[in-house]
Amino acid sequence: MRRSLRRQARLTTGVTKGPELTELHAMTPTHASTALPGRGWLMAGALLAALAVLTDAFAAHGLRAVLEPAQLATWQTAARYQFLHAFALLIVGMLTARLQGRWLWAAGLCFALGILLFCGSLYVLALTRLRGLGMLAPVGGLAFVAGWLCLALSAWRAKTAPAS
């Protein structure tokens, strides 16, 4: 990697050796510094949003004939909340590039946990009618609320990320 950076500097600037090349090399960003902050939240949000679209389409085209209207409504509620909070994860991922702090990370974690508990339990409840799983939905709902509160706290206590 280091050799290719030196070669690139030599080709673009004409500098072949000496302190000028070392200075150019020092200014070249390394792989670690070019990693996108919040990339995990962005990927999770995008994948969960895609999954929400797929589950809603599955309900509309595959489950409509199988489920009762109340079960279908439960499924659609889960898909709607998954979609909304997948976008919240995208917001967390984008804000991570600008803001620092544990509250932003906690917001992402709460949103992900909420999707798992709230939406997951509603999907299973709609398919199986196991009422015991319905007990997880309020815990997931509280995780959603906690995520929004953590996001607000993150904005309130914001410290900007160092300039690149």
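The values are calculated or read from the model by the stated rules, or taken from the named source; none is laboratory data. None of these values were measured; they are calculated from a predicted model. Quick reminder, even Gly has a Cβ in these numbers, built from the backbone with ideal geometry, and neighbours come from all protein chains shown. Ligands, DNA and RNA are excluded from the accessible area calculation, which covers all protein heavy atoms including side chains. Shrake-Rupley method; radii C 1.70, N 1.55, O 1.52, S 1.80 Å.
Treat each spin label as a single point 7 Å out from the Cα along the C-beta direction, and report the residue 87 to residue 72 distance in nm.
2.4 nm
Report the gain in length on full extension from residue 46 to residue 135: 0.36 nm times residue separation, minus Cα-Cα distance, nm rounded to one decimal. Before the final figure, lay out the partial values.
On the way: separation 89, 0.36 × 89 = 32.04 nm, distance 2.75 nm.
So the chain would gain 29.3 nm between residue 46 and residue 135.
Tell me, in nm to one decimal, what length is gained between residue 80 and residue 98 on full extension, where the rule is 0.36 nm per residue of separation less the Cα-Cα distance?
Values: separation 18, 0.36 × 18 = 6.48 nm, distance 2.81 nm.
Full-extension gain reported as 3.7 nm.
For a protection proxy built on the mean count of beta-carbon atoms within 10 angstrom, sort 92-104, 144-156 highest first, please. Please report the intermediate quantities before stating the final value.
Numbers: 92-104: 18.8, 144-156: 16.8.
Peptide ranking by packing, descending: 92-104, 144-156.
Modelled label-to-label distance, residue 63 and residue 153, 7 Å Cα→beta-carbon offset: nm?
So the two model labels end up 3.3 nm from each other.
Using only protein heavy atoms and a 1.4 Å probe, report how much of residue 83 is accessible, in Å² to the nearest 10.
80 Å²
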